[in-house]
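So the structure is just underneath, and the comments pick up after that.
The values are calculated or read from the model by the stated rules, or taken from the named source; none is laboratory data. Just so you know, these numbers come straight off a predicted model, no measurement behind them. Note: ideal-geometry Cβ built from the backbone for every residue, glycine included; neighbour counts use all protein chains shown. Keep in mind that these areas ignore ligands, DNA and RNA; they rest on the heavy atoms of the full protein, side chains included. Shrake-Rupley method; radii C 1.70, N 1.55, O 1.52, S 1.80 Å.
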Amino acid sequence: MSEIQGYEELLQFIEEEDIAFIRLAYFDVLGRQKNIALMSGELERAVRWGVSIDGSAIAGFDANVRSDLFLKPDLPTLSIVPWRPSDSRVCRIFCDVVYPDGTPFESDTRFMLKEAVREAALKGIEVKFGSEMEFYIFRTDEQGRATKQPIDRAGYMDVEPLDAGENLRRDICFALLEMGITPESSHHERGPGQMEIDFRYSDPVRAADNTSTVKWAVRSICAADGYAADFSPKPLADEPGSGMHLNISVHSGEGRDDTDAFMAGILKYIRDITLFLNRTEKSYARFGRMEAPRYLSWAVQNRSQLIRIPADPSGRRRIELRSPDPKANPYLAFALLIRAGLYGVEHHLPLPAPMDINLYRAEPQLTRGLDQLPGSLQEAWQYAQHSDFVQKYVPASCLAAYAEALS
């Protein structure tokens, strides 16, 4: 991302970088990126007044009566789009969605995340996120449409020539660096054609912006090379699913360590919010298989758990939540996880005992009494629909959009 803070700096940057087009980006409640492109000469109007959009046409905005909404550019999020031509360049700026009078639009999930961060700060808590993104790369047919033929048959951390995605991952990482995003590592995952890119943690809004940018960059760069990137949670029935493991660190003031209570809050409400972490039916085919969790449990290091505390020689302590997948809207997912964690801290929730066993191989008598994640999209909807927690933090129009996606 750029370090631009004001309009004058922005004008200078646009002139120096020969920027001709500006993409104003925002998201519907399901996390799908939308944008409107402006010629650079129109930027002053956008910064001063915003750019009008039809809210009634966006999933979850439910703005039929007051359908005029406006995009207000968040200038520090400006970044060059490096896979577009170097002449008459294209840049992207994330936007906040507001009403005509400038007040925030309550169903803008980026705003919902900012509010959750603000609430955490009022309680003296800083939360940071880092994502681990898994995805498949498939070959395309003569018409450029995705097939189900993986780019290779390599396995976990294989190298070339078995790993045919090494050059693609390198190009993706270089493009992300140009956009101000620092990949921590990348490698081939367990499935054929399955890749993973991990990112350094950052504040929640920036982390959600980065997560959204990564999916866009991966799809675009793969398409330019004649391949199709697939972020669905279970693209191949008999192969490992793709998760979006979230590393969450909790920093509290006055020397407190609120990590356990924060984790207890997530465990309390995880079933209520699973709909927003796993929004497709195939998400639930992933659970309980090939290192994807099923039970509401935690442990240190153990990858069969819903939450694990990874080993870290530096002494830093973080939570790794293993149930979300890349189809989730990161803004809404992060907002609800922060809210759940804050509930745990505020109410001093005790953390249950860790499950120091391999839950994939455990005898039935050991797992029979454990609570489980929802087993289907419909069950996840039932939990969300009847949750006071969800009703409090998710606008009705947003929840209705998820209900519509079930049909």
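For the stretch 103-144, a tally of residues being of a type in the set (A, V, I, L, M) and part of a helix (DSSP H, G or I) returns 7.
In the set (1) in a loop (DSSP other than H, G, I, E, B); (2) within 20 Å of the chain's Cα centre (by Cα), Asp163 fails one condition alone, (2). Within the stretch 9-33, the set of residues being farther than 18 Å from Ser52 by Cα and assigned to a strand (DSSP E or B) comprises Ile19, Ala20. Taken over the stretch 343-354, the criterion of being open to solvent by 10 Å² or more (accessible area, probe 1.4 Å) and either in contact (Cβ under 8 Å) with a residue 24 or more places away in the chain or under 17 Å from the mean Cα position of the chain (by Cα) (or both) is satisfied by Tyr343, Val345, Glu346, His347, His348, Leu349, Pro350, Leu351, Pro352, Pro354.
Which one is farthest from Leu337 (Cα to Cα) among residues in the stretch 213-233 that are within 18 Å of the chain's Cα centre (by Cα) and open to solvent by 10 Å² or more (accessible area, probe 1.4 Å)? Checking each candidate, the answer is Ser220. So is Ile181 under 17 Å from Ala223 (Cβ atoms), open to solvent by less than 60 Å² (accessible area, probe 1.4 Å) and not aromatic (Phe, Trp, Tyr) or not? No. Listed by position, the strands (runs of 3 or more DSSP E) enclosed by the stretch 291-349 that each have at least 2 residues that are touching a Phe, Trp or Tyr at 6+ places or on another chain (Cβ under 9 Å) and under 15 Å from Ser249 (Cβ atoms) are 307-309. Within the stretch 311-334, the residues that satisfy the criterion of being touching a Leu at 6+ places or on another chain (Cβ under 8 Å) and either open to solvent by 10 Å² or more (accessible area, probe 1.4 Å) or closer than 17 Å to Tyr402 by Cβ (or both) are Ser323, Pro324, Asp325, Ala328, Asn329, Tyr331, Leu332, Ala333, Phe334.
Condition check for Glu16 on (1) under 21 Å from Ser212 (Cβ atoms); (2) modelled with pLDDT under 90: one failure, at (1). Return the only residue of Arg256, Arg308 being closer than 24 Å to Ala120 by Cβ, open to solvent by 10 Å² or more (accessible area, probe 1.4 Å), at pLDDT below 95 and touching a strand residue (DSSP E or B) at 6+ places or on another chain (Cβ under 8 Å). Just one listed residue meets the conditions, Arg308. At least 3 residues being hydrophobic (A, V, I, L, M, F, W, C) and more than 18 Å from Ser283 (Cβ to Cβ) is the threshold, and among the strands (runs of 3 or more DSSP E) wholly inside the stretch 177-256 those reaching it are 194-199. Quickly run through the stretch 104-130 and pick out the residues that are of a type in the set (Ser, Thr, Tyr) and at pLDDT 95 or above. The answer is Thr109, and nothing else. For the stretch 43-64, the tally of residues that are under 29 Å from Glu178 (Cα atoms), in a helix (DSSP H, G or I) and not acidic (Asp, Glu) stands at 5.
Of the listed requirements (1) within 17 Å of Ala229 (Cα to Cα); (2) surrounded by fewer than 22 Cβ atoms within 10 Å (Cβ to Cβ); (3) within 19 Å of the chain's Cα centre (by Cα), Asp96 misses just one: (1). Just one of Asp87, Asp96, Asp62, Asp101 is among the charged types (D, E, K, R) and in contact with a Ser or Thr (Cβ under 6 Å, 6 or more places away or on another chain); which is it? Asp62 is the lone residue from the list that is among the charged types (D, E, K, R) and in contact with a Ser or Thr (Cβ under 6 Å, 6 or more places away or on another chain). Checking every residue in the stretch 40-48 against the condition of being surrounded by fewer than 18 Cβ atoms within 10 Å (Cβ to Cβ) and in contact (Cβ under 8 Å) with a residue 24 or more places away in the chain gives at least one match. From (1) in contact with a helix residue (DSSP H, G or I) (Cβ under 6 Å, 6 or more places away or on another chain); (2) under 24 Å from Ala208 (Cβ atoms), pick out the condition that doesn't hold for Phe70. Only one criterion in (1) in contact with a helix residue (DSSP H, G or I) (Cβ under 6 Å, 6 or more places away or on another chain); (2) under 24 Å from Ala208 (Cβ atoms) is unmet by Phe70, namely (1). Looking across the stretch 65-89, the residues that are of a type outside the set (Phe, Trp, Tyr), surrounded by 17 or more Cβ atoms within 10 Å (Cβ to Cβ) and part of a strand (DSSP E or B) come down to Leu69, Leu71, Lys72, Pro73, Ser79, Ile80, Arg89. Note on the stretch 371-407: residues that are polar (S, T, N, Q), assigned to a loop (DSSP other than H, G, I, E, B) and either in contact with a Gly (Cβ under 8 Å, 6 or more places away or on another chain) or modelled with pLDDT under 95 (or both) total 1.
If you go through the stretch 102-153 and keep only what is open to solvent by less than 40 Å² (accessible area, probe 1.4 Å) and over 23 Å from Ser232 (Cβ atoms), you end up with Phe105, Ser107, Asp108, Arg110, Met112, Leu113, Ala116, Ala120, Gly124, Ile125, Val127.
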